[in-house]
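Worksheet for the structure shown next.
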Amino acid sequence: MSKKKEKNPNLKGTLYSVGFVGLFILVSWFMAFYLFIDRF
Amino acid sequence: MHIHKYEKWWLTFGISSLVLFLFIVGFSAFHYGSHPPTGKVYIDPERVDEIVPFNNPGVHKVEGKEWDYEVVLVASAFYYNPPEIEVPLGSTVKFIATTKDVVHGFQIVGTNINMILEPGYVSEYVTTVDKSGEFLILCNEYCGIGHSTMTSMLKVVE
(Lines give C-alpha, C1' and ligand atoms only; values in the text may rest on other atoms or scores of the structure.)
Protein backbone atom coordinates (compact mmCIF):
# COMPACT_ATOMS: atom_id res chain seq x y z
CA MET A 1 0.00 0.00 0.00
CA SER A 2 1.37 3.36 -0.94
CA LYS A 3 1.24 6.13 1.55
CA LYS A 4 1.14 8.80 -1.14
CA LYS A 5 -2.15 10.63 -1.52
CA GLU A 6 -3.89 9.27 -4.61
CA LYS A 7 -4.13 11.65 -7.55
CA ASN A 8 -7.49 12.22 -9.18
CA PRO A 9 -7.55 9.74 -12.06
CA ASN A 10 -8.34 11.04 -15.53
CA LEU A 11 -11.82 9.69 -16.35
CA LYS A 12 -12.58 11.75 -19.44
CA GLY A 13 -12.68 8.72 -21.73
CA THR A 14 -14.96 6.90 -19.31
CA LEU A 15 -17.31 9.89 -19.17
CA TYR A 16 -17.54 10.05 -22.97
CA SER A 17 -18.15 6.33 -23.38
CA VAL A 18 -20.89 6.14 -20.73
CA GLY A 19 -22.26 9.37 -22.21
CA PHE A 20 -22.73 7.62 -25.54
CA VAL A 21 -24.49 4.71 -23.83
CA GLY A 22 -26.78 7.12 -21.93
CA LEU A 23 -27.58 9.08 -25.07
CA PHE A 24 -28.36 5.85 -26.93
CA ILE A 25 -30.76 4.77 -24.15
CA LEU A 26 -32.48 8.18 -24.11
CA VAL A 27 -32.87 8.35 -27.89
CA SER A 28 -34.15 4.77 -28.23
CA TRP A 29 -36.59 5.28 -25.31
CA PHE A 30 -38.07 8.35 -27.00
CA MET A 31 -38.24 6.61 -30.38
CA ALA A 32 -40.22 3.73 -28.85
CA PHE A 33 -42.41 6.17 -26.93
CA TYR A 34 -43.10 8.16 -30.10
CA LEU A 35 -44.14 4.94 -31.86
CA PHE A 36 -46.54 4.22 -28.98
CA ILE A 37 -48.03 7.75 -29.06
CA ASP A 38 -48.33 7.81 -32.86
CA ARG A 39 -50.23 4.53 -33.16
CA PHE A 40 -53.89 4.13 -32.25
CA MET B 1 -16.58 9.34 0.53
CA HIS B 2 -14.83 10.72 -2.48
CA ILE B 3 -16.80 10.78 -5.72
CA HIS B 4 -15.10 11.89 -8.90
CA LYS B 5 -16.54 14.99 -10.56
CA TYR B 6 -17.45 13.11 -13.75
CA GLU B 7 -19.11 10.40 -11.71
CA LYS B 8 -21.33 13.05 -10.15
CA TRP B 9 -22.25 14.31 -13.62
CA TRP B 10 -23.07 10.78 -14.70
CA LEU B 11 -25.17 10.11 -11.57
CA THR B 12 -27.09 13.35 -12.14
CA PHE B 13 -27.70 12.45 -15.78
CA GLY B 14 -28.78 8.88 -14.94
CA ILE B 15 -31.09 9.79 -12.09
CA SER B 16 -32.73 12.66 -13.99
CA SER B 17 -33.37 10.40 -17.02
CA LEU B 18 -34.99 7.86 -14.71
CA VAL B 19 -37.15 10.54 -13.10
CA LEU B 20 -38.12 11.85 -16.57
CA PHE B 21 -39.12 8.37 -17.79
CA LEU B 22 -41.14 7.67 -14.67
CA PHE B 23 -42.81 11.07 -14.88
CA ILE B 24 -43.88 10.51 -18.50
CA VAL B 25 -45.17 6.99 -17.79
CA GLY B 26 -46.92 8.16 -14.61
CA PHE B 27 -48.45 11.14 -16.39
CA SER B 28 -49.89 8.98 -19.16
CA ALA B 29 -51.14 6.42 -16.62
CA PHE B 30 -52.77 8.79 -14.12
CA HIS B 31 -53.71 11.74 -16.34
CA TYR B 32 -54.64 9.97 -19.59
CA GLY B 33 -55.70 6.78 -17.84
CA SER B 34 -53.69 4.47 -20.06
CA HIS B 35 -53.56 0.95 -18.66
CA PRO B 36 -53.38 -2.64 -19.89
CA PRO B 37 -56.58 -4.21 -21.26
CA THR B 38 -58.78 -5.00 -18.27
CA GLY B 39 -59.42 -8.53 -17.09
CA LYS B 40 -61.67 -7.57 -14.21
CA VAL B 41 -64.94 -8.78 -15.68
CA TYR B 42 -65.60 -12.47 -15.24
CA ILE B 43 -68.05 -14.48 -17.36
CA ASP B 44 -68.85 -18.16 -17.59
CA PRO B 45 -66.73 -19.38 -20.54
CA GLU B 46 -69.19 -22.23 -21.19
CA ARG B 47 -72.11 -19.87 -21.78
CA VAL B 48 -70.42 -17.11 -23.81
CA ASP B 49 -72.99 -17.35 -26.62
CA GLU B 50 -75.87 -16.58 -24.23
CA ILE B 51 -74.30 -13.74 -22.27
CA VAL B 52 -74.76 -10.08 -23.24
CA PRO B 53 -73.02 -8.62 -25.24
CA PHE B 54 -71.37 -11.77 -26.62
CA ASN B 55 -74.71 -13.20 -27.80
CA ASN B 56 -74.50 -10.62 -30.58
CA PRO B 57 -70.93 -10.26 -31.87
CA GLY B 58 -70.23 -7.55 -34.40
CA VAL B 59 -69.80 -3.80 -34.81
CA HIS B 60 -72.51 -1.80 -33.05
CA LYS B 61 -73.08 1.95 -33.13
CA VAL B 62 -73.83 3.27 -29.65
CA GLU B 63 -75.19 6.59 -28.38
CA GLY B 64 -74.50 8.50 -25.19
CA LYS B 65 -71.24 6.81 -24.34
CA GLU B 66 -67.66 7.99 -24.47
CA TRP B 67 -67.16 5.88 -27.61
CA ASP B 68 -69.08 5.73 -30.91
CA TYR B 69 -68.79 2.04 -31.73
CA GLU B 70 -68.59 -1.15 -29.77
CA VAL B 71 -66.86 -4.06 -31.41
CA VAL B 72 -68.02 -7.22 -29.67
CA LEU B 73 -65.69 -10.04 -30.53
CA VAL B 74 -65.68 -13.72 -29.67
CA ALA B 75 -62.58 -15.76 -30.39
CA SER B 76 -62.62 -19.53 -30.63
CA ALA B 77 -60.46 -22.17 -32.26
CA PHE B 78 -59.55 -21.01 -34.89
CA TYR B 79 -61.43 -17.92 -35.92
CA TYR B 80 -62.79 -14.59 -34.81
CA ASN B 81 -66.44 -13.66 -34.82
CA PRO B 82 -67.03 -11.24 -36.56
CA PRO B 83 -64.51 -12.29 -39.22
CA GLU B 84 -64.11 -8.72 -40.42
CA ILE B 85 -64.47 -5.36 -38.68
CA GLU B 86 -65.27 -2.11 -40.46
CA VAL B 87 -65.30 1.24 -38.67
CA PRO B 88 -65.25 4.83 -39.98
CA LEU B 89 -62.10 6.92 -39.75
CA GLY B 90 -61.93 9.17 -36.69
CA SER B 91 -64.47 7.27 -34.61
CA THR B 92 -63.81 6.14 -31.07
CA VAL B 93 -64.10 2.40 -30.78
CA LYS B 94 -64.34 0.10 -27.80
CA PHE B 95 -63.18 -3.45 -28.41
CA ILE B 96 -64.81 -5.96 -26.08
CA ALA B 97 -63.45 -9.44 -26.53
CA THR B 98 -63.41 -12.86 -24.94
CA THR B 99 -62.76 -16.48 -25.86
CA LYS B 100 -64.96 -19.58 -25.76
CA ASP B 101 -62.32 -22.26 -25.43
CA VAL B 102 -58.58 -21.76 -24.96
CA VAL B 103 -56.30 -18.75 -24.59
CA HIS B 104 -56.16 -16.67 -27.76
CA GLY B 105 -54.45 -13.43 -28.70
CA PHE B 106 -55.93 -10.35 -30.29
CA GLN B 107 -53.30 -8.19 -31.90
CA ILE B 108 -53.98 -5.58 -34.53
CA VAL B 109 -50.72 -5.25 -36.41
CA GLY B 110 -49.22 -1.76 -36.53
CA THR B 111 -51.36 -0.45 -33.65
CA ASN B 112 -51.18 -0.46 -29.87
CA ILE B 113 -54.03 -2.97 -29.64
CA ASN B 114 -52.60 -6.21 -28.36
CA MET B 115 -54.68 -8.17 -25.87
CA ILE B 116 -54.64 -11.62 -24.43
CA LEU B 117 -58.04 -13.34 -24.38
CA GLU B 118 -58.47 -15.80 -21.55
CA PRO B 119 -61.45 -18.11 -21.05
CA GLY B 120 -63.75 -16.50 -18.50
CA TYR B 121 -62.31 -13.02 -18.76
CA VAL B 122 -63.32 -10.00 -20.81
CA SER B 123 -60.58 -7.89 -22.40
CA GLU B 124 -61.40 -4.31 -23.37
CA TYR B 125 -59.59 -1.52 -25.17
CA VAL B 126 -60.83 1.93 -26.17
CA THR B 127 -59.14 3.89 -28.93
CA THR B 128 -59.78 6.50 -31.60
CA VAL B 129 -58.97 5.14 -35.04
CA ASP B 130 -57.15 8.03 -36.70
CA LYS B 131 -55.52 6.21 -39.61
CA SER B 132 -57.38 4.69 -42.53
CA GLY B 133 -56.49 1.40 -44.13
CA GLU B 134 -56.62 -2.31 -43.54
CA PHE B 135 -55.05 -3.71 -40.41
CA LEU B 136 -54.38 -7.39 -39.97
CA ILE B 137 -55.72 -8.97 -36.80
CA LEU B 138 -53.97 -12.08 -35.63
CA CYS B 139 -53.76 -14.51 -32.78
CA ASN B 140 -50.41 -14.34 -31.04
CA GLU B 141 -51.00 -16.95 -28.35
CA TYR B 142 -50.40 -20.48 -29.58
CA CYS B 143 -53.88 -22.03 -29.47
CA GLY B 144 -53.65 -25.25 -31.47
CA ILE B 145 -53.17 -26.73 -34.91
CA GLY B 146 -54.98 -23.91 -36.74
CA HIS B 147 -53.23 -21.10 -34.85
CA SER B 148 -51.34 -19.79 -37.87
CA THR B 149 -54.54 -19.40 -39.91
CA MET B 150 -56.38 -17.52 -37.18
CA THR B 151 -56.62 -14.02 -38.63
CA SER B 152 -59.14 -11.28 -39.21
CA MET B 153 -59.12 -7.77 -40.68
CA LEU B 154 -59.86 -4.33 -39.29
CA LYS B 155 -60.90 -1.90 -42.02
CA VAL B 156 -60.84 1.80 -41.18
CA VAL B 157 -62.76 3.51 -43.97
CA GLU B 158 -63.27 7.20 -44.81
Handout entry: Residues of segment B:37-81 satisfying the condition of being in contact with a Leu (Cβ under 7 Å, 6 or more places away or on another chain) and closer than 20 Å to B:G133 by Cα
Key = B:Y80
Fill in the blank from the handout: Filtering segment A:5-16 down to residues that are surrounded by 10 or more Cβ atoms within 10 Å (Cβ to Cβ) and in a helix (DSSP H, G or I) yields A:T14, A:L15, A:Y16
Handout entry: segment B:1-58: number of residues that are in contact (Cβ under 8 Å) with a residue 40 or more places away in the chain and assigned to a helix (DSSP H, G or I)
Key = 3
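Are any residues in segment B:139-158 surrounded by fewer than 20 Cβ atoms within 10 Å (Cβ to Cβ) and in a strand (DSSP E or B), and if so, which ones?
If the condition is that a residue be surrounded by fewer than 20 Cβ atoms within 10 Å (Cβ to Cβ) and in a strand (DSSP E or B), then B:T151, B:M153, B:K155, B:V157 are the ones that fit.
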Completion exercise
B:I85 fails exactly one of (1) within 14 Å of chain A (Cβ to nearest Cβ); (2) surrounded by fewer than 15 Cβ atoms within 10 Å (Cβ to Cβ), namely (2)
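Conditions (1) more than 30 Å from A:S17 (Cβ to Cβ); (2) in the same structural domain as B:D130 (by TED's automatic domain parsing); (3) loosely packed, with under 13 Cβ neighbours inside 10 Å, marked per residue:
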{"residue": "B:M1", "(1), (2), (3)": "no, no, yes"}
{"residue": "B:K5", "(1), (2), (3)": "no, no, yes"}
{"residue": "B:L11", "(1), (2), (3)": "no, no, yes"}
{"residue": "B:L22", "(1), (2), (3)": "no, no, yes"}
{"residue": "B:S28", "(1), (2), (3)": "yes, no, no"}
{"residue": "B:V62", "(1), (2), (3)": "yes, yes, yes"}
Handout entry: Within segment B:93-141, tally of residues that are touching a residue at least 40 places away in the same chain (Cβ under 8 Å), of a type in the set (G, A, S) and more than 12 Å from chain A (Cβ to nearest Cβ)
Key = 2
Problem - Condition met for B:G33 (under 18 Å from the mean Cα position of the chain (by Cα) and loosely packed, with under 11 Cβ neighbours inside 10 Å) - result: yes
Practice task
Spot the failing condition for B:Y69; the list is (1) crowded, with 16+ Cβ neighbours inside 10 Å; (2) more than 30 Å from B:K155 (Cβ to Cβ); (3) modelled with pLDDT of 95 or more, and only one is missed.
Solution key: (2)
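The values are calculated or read from the model by the stated rules, or taken from the named source; none is laboratory data. All values derive from a computational prediction rather than experimental measurement. A quick note on method: Cβ atoms are made from the backbone with ideal geometry, for glycine too, and the neighbour counts reach across all protein chains shown.
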